[in-house]
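*Asks:* Here it is, the structure in full.
The values are calculated or read from the model by the stated rules, or taken from the named source; none is laboratory data. Note that the structure is predicted; figures quoted are calculated from it, not measured. Here the Cβ is made from the backbone with ideal geometry for all residues, glycine too, and neighbour counts use every protein chain on show. The area values use the complete protein model at the heavy-atom level, side chains included, leaving out ligands, DNA and RNA. Shrake-Rupley method; radii C 1.70, N 1.55, O 1.52, S 1.80 Å.
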Amino acid sequence: MSTLYDFPPFPGFRPEALDFLRALKQHNRRDWFRPRKAIYEDEVRWPMQCLVADVGRELIRRGLPLRGDPEQGLFRIYRDTRFSKDKRPYKTHIGAVLSRTGSRRDLGVVYIHVEPGDSFLGAGFWKPEATFLRRWRRKLWQEAEAFLDIVRQLQTHGLTLETDSMRKRMPRGFEEAANSPVAEYLRWNSFLVSQDVPDEAVLHPDFAQTVLRFAEIVLPLLEFGWDAADT
């Protein structure tokens, strides 16, 4: 199995990677993709593996509690269409994560998304299970000022903590926190931060430094959640 040190420094995605993903969006069929799979492997998957490995090596060097795994951290190009009305077989982007173990199945990750016109970096906790949410909310209530300080620090870097789902009422067991300064956050079901990335940025080796910087900025949020999960 490949390791972090089997991959060269991230060279930047070539324009051919974005061209391939644009074409795949127009021709999302198996008979189109199969004869071009080698282009996907060489121009899309390989550079993403190099990026994750490159960032992963630097995370270790800096002693940060995130890992990049160029095998376990990448998402497959194939869509799961078993229970979907949308039967298009392929994703038209490539995604990967940095996490505590390097696995994309970990709780609380940094997410790297490369897609023509819609690339971004993301981080946080997306619709975690109920057990974690109870622990998160308890910690959030008990350590409200520490959490709000994390939110403010994100804002100083131009990042906004957001959610994609929230309860209409306070969760059971937290009713008395209705007037807390973190009352709104207690109703959230996800805790997410994102940063848009222009196409030209992913074409340069410096994109690895952009990912690293983003990871450093969002790490306090991730650590807040990990601490809740481990309690």
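*Asks:* Of Gly12, Ile39, Gly56, which is farthest on the positive side of the dipole of segment 1-82, counting Cα position, with +1 on Lys and Arg Cβ, -1 on Asp and Glu Cβ, and the Cα centre as origin?
*Replies:* Checked the options; the winner is Ile39.
*Asks:* Which ³J(HN,Hα) values in Hz, rounded to whole numbers, follow from the phi angles of segment 212-228 under the Karplus curve 6.51 cos²θ - 1.76 cosθ + 1.60, where θ = phi - 60° and Gly and Pro get x?
*Replies:* Result, ordered by residue: 4, 4, 4, 4, 5, 5, 8, 4, x, 5, 5, 5, 4, x, 4, 4, 5 Hz.
*Asks:* Any chance you could check the Cα centroid distance between segment 105-127 and segment 1-61 for me, in angstrom?
*Replies:* So the separation of the two Cα centres works out to 16 Å.
*Asks:* Computed over the Cα atoms, what is the radius of gyration of segment 59-143 divided by 2.2 N^0.38 Å, N being its residue count?
*Replies:* Working: Rg = 15.7 Å, N = 85, 2.2 N^0.38 = 11.9 Å.
Here the answer is 1.32, to two decimals.
*Asks:* How much accessible area per residue does the chain have, in Å², with a 1.4 Å probe? Show your work: numbers first, answer last.
*Replies:* On the way: 12300 Å² over 231 residues.
Here the residues of the chain average 53 Å² of exposed surface.
*Asks:* Next question, about the same structure. Students often check this: by mean Cβ neighbours within 10 Å, which of 46-59, 95-108 ranks highest, and how do the rest follow? Intermediate results must be reported in sequence, preceding the final value.
*Replies:* Numbers: 46-59: 22.5, 95-108: 19.2.
Going by the mean number of other Cβ atoms within 10 Å, highest first, we get 46-59, 95-108.
*Asks:* Follow-up question, since we're still on this one. Determine, at each q value in 0.16 (inverse angstroms), the log₁₀ of I(q)/I(0) that the Debye formula gives when each Cα of segment 175-231 is one equal point scatterer.
*Replies:* With one equal scatterer per Cα and no solvent, log10 I(q)/I(0) is -0.71.
*Asks:* Another question about this same structure. To the nearest 20 debye, what charge dipole does segment 116-231 have about its Cα centre, counting +1 at the Cβ of each Lys and Arg and -1 at the Cβ of each Asp and Glu?
*Replies:* Numbers: 13 positive and 18 negative charges, 159 e Å.
Around 760 debye, computed over segment 116-231.
*Asks:* What size of dipole, in debye to the nearest 20, comes out for the chain about its Cα centre when the only charges are +1 on Lys and Arg C-beta atoms and -1 on Asp and Glu C-beta atoms? Write down the numbers at each step before the final one.
*Replies:* Working: 36 positive and 33 negative charges, 243 e Å.
Here the size comes out at about 1160 debye.
*Asks:* Of the peptides 71-84, 155-168, 117-130, how do they stack up when ordered by the mean number of other Cβ atoms within 10 Å, highest first? Walk me through the numbers before you get to the answer.
*Replies:* On the way: 71-84: 13.9, 155-168: 12.0, 117-130: 16.8.
Highest-to-lowest ranking by the protection proxy: 117-130, 71-84, 155-168.
*Asks:* Ordered by residue, what ³J(HN,Hα) values in Hz, to whole numbers, does segment 30-46 give under the Karplus form 6.51 cos²θ - 1.76 cosθ + 1.60, where θ = phi - 60° and Gly and Pro are x?
*Replies:* Here the 3J(HN,Hα) series is 5, 5, 7, 6, 3, x, 10, 4, 4, 5, 4, 4, 7, 9, 10, 5, 4 Hz.
*Asks:* Keeping the other protein chains in place, figure out the carbon and sulfur percent of the accessible area of the chain, with a 1.4 Å probe. Each step should come with its number before you reach the end.
*Replies:* Details: 5810 of 12300 Å².
Exposed carbon and sulfur together represent 47 percent of the surface.
*Asks:* Explain nothing, just the number: dipole magnitude of segment 62-107 about its Cα centre with +1 on each Lys and Arg Cβ and -1 on each Asp and Glu Cβ, in debye rounded to the nearest 20. Before the final figure, lay out the partial values.
*Replies:* On the way: 12 positive and 5 negative charges, 43 e Å.
Result for segment 62-107 is approximately 200 debye, rounded to the nearest 20.
*Asks:* What Kirkwood Rh does the chain have if only Cα atoms enter the pairwise 1/r average? Answer in Å.
*Replies:* Working: mean 1/r = 0.0528 Å⁻¹.
One over the average 1/r among Cα pairs gives 18.9 Å for the chain.
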